[in-house]
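Single-structure report; data block below.
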Protein chains: 2
Amino acid sequence: MQEYNAPIEDILFVLNNINSKVENNSDEYSDPDLRKQIFEEAGKFASNILAPLNSIGDKEGITLENGVVRMPQGFKEAYSQYIEGGWSSVAGSKDFGGQEMPWNIVGGLNEIWHAANMSFSLNMLLTQGAIEVIEAYGTNEQKKKYLPKMISGEWSGTMNLTEPQAGSDLALLKSKAIPNRDNYKLYGNKIYITHGDQDMNDNIVHLVLARLPDAPEGSKGISLFISPKNLINEEGEISEKNDVRVVSIEHKLGTNASPTCVLAYGDNDGADAELIGEKHGGLKAMFTMMNNARLNVGIQGVSIAERAYQQALNFSFSREQGNSIDNSQEGTVAIIDHPDVKRMLMDMRSRIEAMRALSLFTANELDLSKNALSAKDKNKAQENLDLLTPIVKGWCTDQGVLIASTGVQIHGGMGFIEETGAAQHYRDARILPIYEGTNGIQALDLLRRKLTLDNGNVFKRFLNDMRKDAKECINSEKDKLIEIGDKVIFAINTLENTADDLLNMWKDNKRNAASGATPFLDMCGNIFGAWIMAKSAIKAYHLLEETDGDKFLNEKIETAYFYANTILETSLSLKNVVINTHKNLDSIFMNMKN
Amino acid sequence: MQEYNAPIEDILFVLNNINSKVENNSDEYSDPDLRKQIFEEAGKFASNILAPLNSIGDKEGITLENGVVRMPQGFKEAYSQYIEGGWSSVAGSKDFGGQEMPWNIVGGLNEIWHAANMSFSLNMLLTQGAIEVIEAYGTNEQKKKYLPKMISGEWSGTMNLTEPQAGSDLALLKSKAIPNRDNYKLYGNKIYITHGDQDMNDNIVHLVLARLPDAPEGSKGISLFISPKNLINEEGEISEKNDVRVVSIEHKLGTNASPTCVLAYGDNDGADAELIGEKHGGLKAMFTMMNNARLNVGIQGVSIAERAYQQALNFSFSREQGNSIDNSQEGTVAIIDHPDVKRMLMDMRSRIEAMRALSLFTANELDLSKNALSAKDKNKAQENLDLLTPIVKGWCTDQGVLIASTGVQIHGGMGFIEETGAAQHYRDARILPIYEGTNGIQALDLLRRKLTLDNGNVFKRFLNDMRKDAKECINSEKDKLIEIGDKVIFAINTLENTADDLLNMWKDNKRNAASGATPFLDMCGNIFGAWIMAKSAIKAYHLLEETDGDKFLNEKIETAYFYANTILETSLSLKNVVINTHKNLDSIFMNMKN
């Protein structure tokens, strides 16, 4: 039995049937056969190479000896194969050796990599982000210097934001950049640097936020710098080491094979660095990249949930315990026979399908925002992307934690034993609601920057688009689809009322509205998830009319039906939580320090 | 700053104001001053001795060398102090040196011990259970032989149930007991034996389930045996080692300082053992004890939640990050100022207060079931206890996991770093929904054995008692209390309808009903929690009339109000989940192995 099988059929279903086509001739990746081929190759690499290393990496962890960080056994070799397979270059621009695959394919691939081995794949996630920044903000010279080797995978990239006193609040950061000839010298300590050092890449291109001497205080005085681990000579080759030192690696709850480093810049004569983008414009550049990173972290939520689901499902067929509750089978049964176990598995699967569809739909909006034919379509896609990004990040990662926890539960006592492997997913998942902006920050972003867009009309326009799919379900004349459609329409109406109330609260009293931001994000996630399951179900229904019955398509209607009947139901009551939370929130904690 | 402060005021509030008095002259522990003194002493021991060892134990873990299990540094010394303080003997019977404190006090103490150091306190939890079994089923000779040293704390006790093929399903167990002179020889392997070996006690009294040669198959052929680690001579002193061997200790997700052992009985000439209770009556004896153990595990859910809450609360006052959302403060603020952080803390606190009140109320029903004046009152208390036990076990442990996870979230990036300590609670908590019967098993117990009692009338009688407290809130003429009372009445009515529907489903189709068991337990927990918060609030209101304003009492009304406005709201929608889950649960997983 393989440890992980990439859910290729479901990924392709979303890409081919749910996502609108990017009507641009340049999209050579819209051919379903080519897509299938890409995902099948990726699935093999994930199952055969990356997945078996996941547990090895967790047990062995990272070592730091004499300032050198070493990855667990097998990781370096797997990385070579990753490069050889061309996987490092899928997203990069063709000008520098990339394949320029659209984000909906890259998103699907990312789901697979992170499900197979999250610690390994964080390297690629950060490198992808760094490439994006250099593509968007680098000079031609910088692009030529860094992009080819980063896209080929020879060099990796990192993001250096956090300092001990500056986490979510980057305005507080203190690292300094001092002009030095044509460039800069960097000084300061950075923490939580994912893959900040390791032995898989020849060089590591650090993107570092720091302040110039003439910088204004706060977030408007932050600039972005490139400061590689090893300096690069005029021939573009690695020369001497830069003045960047690994101070320590963190002992974490999870992702044990992903080195999380404390880096010291400029312990000696300063770390050589180049400015990228405008002076004092560092946060803008970082946030451009961070939006894609947020989408990718949401996808990691799908990954960990899928991995936990597959493991729990396999266990439930092999573990025999207890008798059939209605004596429908003789003797001891596999635990999948117990309705409560089946409930947990059906719940996991329905949520995961909704999360996958919503995250890959969002990835496609990113593609459309760049490549749709008309400016109007681009603009609409950009609005959708802006709206959906915090929801995908917040909701899919919260779900990832819950689903990994359910995976442990299905294993019973064995779930608590590390050897079983279910616990690793529960540990690994826990970082997802935290990094790339905590989910509380996502919720606030949704409220103050997204819901408020055009006085709530962007949000309403999206809800109206959702209603169309639900109405198509109602018009289908199939009972289950009609029930799904009715429930989704009701939920959309409830969500619209809630959004109206919340927007009014925001205008009246920001503090009160902010109290309801997280339950509102949760409500949006659950209901958007129900919508995209309805959209999937009606699509499956139409596709079934053309076929002689298909297991996958029939099951899609069932998971959508289960979702609408259970998960969606619980989201409706969040309306009152959104509205009520502020009522006496200041009654206790204000007085505690009196 | 202390790592943990026992929530004595809230525990005493429940004991003195929520729980009905056990109207039996023998209850010398009903004096509020004496109760206060007991909890204050316990609080000191917990804060000063046990709590600081919690993180040390987690980091250091357990060692097994040459067949000997060693606890982490400091544990043995702490255990000596635990005995010296008289804490081991609180629950034991006076005939054998115990203090016979009622269970509502013992329950409060258990909350404190497990919050301070769950791994350490599991020793005492198992010993308490073993003492109960010997008190209830042992011969006079067995009682004299074991109880004095177990109650004094010199010897500990364990429960040996699980075997690799027999976890939740004990009918499958294979360990054998062969008659040998007046006693028995035991043969077999047992797994997951909590504190199965360690170096804090001079002897360990194992209670072991095994089959006699003439035993019928299945659960009716299981007998219970006492088989100590070290044999006891006629003077009652330890003589030679028994034939019990520690095969290995488990590497677990959490409770790293609690040794979870694989024990081999009878590797050589068989482990000496005595039968306790009737032949083939082992499961009955085990389940007697297990019911109390389930209540205690529910209390562990309160413990871990309280510990996580205190840590997150302290962090939220010290961590400065971001600006005030409405600019009500200048500059960078402590994160407690952010509404979303405050929401998480208020949510944690409200849930914890409800969990504490419900679990200590249940402990008091245990006392009443034994010591109420009339047979009728005893019977009613026993019914309440039976009904509440699976709810306290299931709901409080699920909440424990969620609250520990919220505790990590409040810490942001630091929450994922093990050094911070928040992650330990998230890991430790995860065993609670699993052991002493998974929460799925609790939910099924609630449905098939408790809801069905007297055709649902026991459940309805309890709901009617709940309504009285809610009505008292409505009659109070204080707006917040009226709102709480109205919401609680509405929720009780919804729950009653749901119970009616579920009971009818159970009569029609057991499989369908069982699909809704877990959401039903969740709904009961949330609504019973809302009721006991309402009961607490109206009590606080009346007490306030006698005082000049009291911070604790005022805050009790606020947490009850928050609970009714948020947590209670989300529980109402569970009605449809209970009823809908079965609808297409067999649509997918039945076909998977086709």
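The values are calculated or read from the model by the stated rules, or taken from the named source; none is laboratory data. Keep in mind the model is a prediction, meaning the values are calculated, not measured. Every residue, glycine among them, receives a Cβ derived from its backbone with ideal geometry; neighbour counts consider all protein chains shown.
Summary of computed values
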read-out: Looking only at region B:294-324, and only at residues there that are under 18 Å from residue B:347 (Cα atoms) and polar (S, T, N, Q), the one that is surrounded by the fewest Cβ atoms within 10 Å (Cβ to Cβ); value: B:314
read-out: Number of the condition not met by residue B:440 [criteria: (1) assigned to a helix (DSSP H, G or I); (2) surrounded by fewer than 24 Cβ atoms within 10 Å (Cβ to Cβ)]; value: (2)
read-out: Test: residue B:367 is away from every other protein chain (no Cβ under 14 Å), of a type in the set (Asp, Glu), closer than 23 Å to residue B:104 by Cα and buried (at least 23 other Cβ atoms within 10 Å of the Cβ); value: yes
read-out: Residue, surrounded by the most Cβ atoms within 10 Å (Cβ to Cβ), within region A:1-36, restricted to residues that are of a type in the set (S, T, N, Q) and at pLDDT 95 or above; value: A:19
read-out: Odd one out for residue B:585, checked against (1) at positive phi; (2) facing chain A (nearest Cβ under 7 Å); value: (1)
read-out: Filter pass, residue A:355 being in contact with a Phe, Trp or Tyr (Cβ under 7 Å, 6 or more places away or on another chain) and under 24 Å from residue B:578 (Cα atoms); value: no
read-out: Test: residue in region B:226-239 that is in contact with a helix residue (DSSP H, G or I) (Cβ under 9 Å, 6 or more places away or on another chain), of a type outside the set (A, V, I, L, M, F, W, C) and either closer than 16 Å to residue B:158 by Cβ or at pLDDT 95 or above (or both); value: yes
read-out: Flag for residue B:330 being within 30 Å of residue B:178 (Cβ to Cβ), acidic (Asp, Glu), touching a strand residue (DSSP E or B) at 6+ places or on another chain (Cβ under 9 Å) and not in a helix (DSSP H, G or I); value: no
read-out: Residues of region A:492-537 that turn out to be away from chain B (no Cβ under 14 Å) and either hydroxyl-bearing (Ser, Thr, Tyr) or in contact with a Gly (Cβ under 8 Å, 6 or more places away or on another chain) (or both), as a count; value: 6
read-out: Unique residue being touching a residue at least 40 places away in the same chain (Cβ under 8 Å) and closer than 25 Å to residue B:491 by Cβ when the list is A:543, A:585; value: A:585
read-out: Any hit, region B:551-568, residues being among the aromatic types (Phe, Trp, Tyr), within 10 Å of chain A (Cβ to nearest Cβ) and either surrounded by 23 or more Cβ atoms within 10 Å (Cβ to Cβ) or out of contact with any His (no Cβ under 7 Å at 6 or more places or on another chain) (or both); value: yes
read-out: Any hit, region B:153-165, residues being assigned to a helix (DSSP H, G or I), on the phi < 0 side of the Ramachandran plot and among the hydrophobic types (A, V, I, L, M, F, W, C); value: no
read-out: Residue in region A:37-56 that is at pLDDT below 95, of a type in the set (S, T, N, Q) and part of a helix (DSSP H, G or I) present; value: no
read-out: Residues that are modelled with pLDDT of 95 or more, part of a loop (DSSP other than H, G, I, E, B) and β-branched (Val, Ile, Thr), drawn from region A:545-594; value: A:566, A:581
read-out: Some residue of region B:319-336 being under 26 Å from residue B:532 (Cα atoms) and more than 10 Å from every other protein chain (Cβ to nearest Cβ); value: no
read-out: Residue B:56 buried (at least 16 other Cβ atoms within 10 Å of the Cβ) and not hydroxyl-bearing (Ser, Thr, Tyr); value: no
read-out: Considering residues of region B:418-444 that are touching a Lys or Arg at 6+ places or on another chain (Cβ under 7 Å) and either within 24 Å of residue B:515 (Cβ to Cβ) or of a type in the set (D, E, K, R) (or both) only, the residue nearest to the other protein chains (Cβ to nearest Cβ); value: B:418
read-out: Of all residues in region B:445-473 being under 23 Å from residue B:170 (Cβ atoms) and surrounded by fewer than 24 Cβ atoms within 10 Å (Cβ to Cβ), the one that is farthest from the other protein chains (Cβ to nearest Cβ); value: B:450
read-out: Tally of residues being in contact with a Pro (Cβ under 7 Å, 6 or more places away or on another chain) and assigned to a loop (DSSP other than H, G, I, E, B) across region A:446-488; value: 0
read-out: Residues that are surrounded by fewer than 23 Cβ atoms within 10 Å (Cβ to Cβ) and either modelled with pLDDT under 95 or not in a loop (DSSP other than H, G, I, E, B) (or both), drawn from region A:193-212; value: A:194, A:203, A:211
read-out: Test for residue B:404: is it in a helix (DSSP H, G or I), touching a strand residue (DSSP E or B) at 6+ places or on another chain (Cβ under 8 Å) and within 14 Å of chain A (Cβ to nearest Cβ); value: no
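A quick yes/no check of all residues on (1) away from chain A (no Cβ under 11 Å); (2) under 24 Å from residue B:119 (Cα atoms):
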| position | (1), (2) |
| --- | --- |
| B:359 | yes, yes |
| B:373 | yes, no |
| B:385 | yes, no |
| B:416 | no, yes |
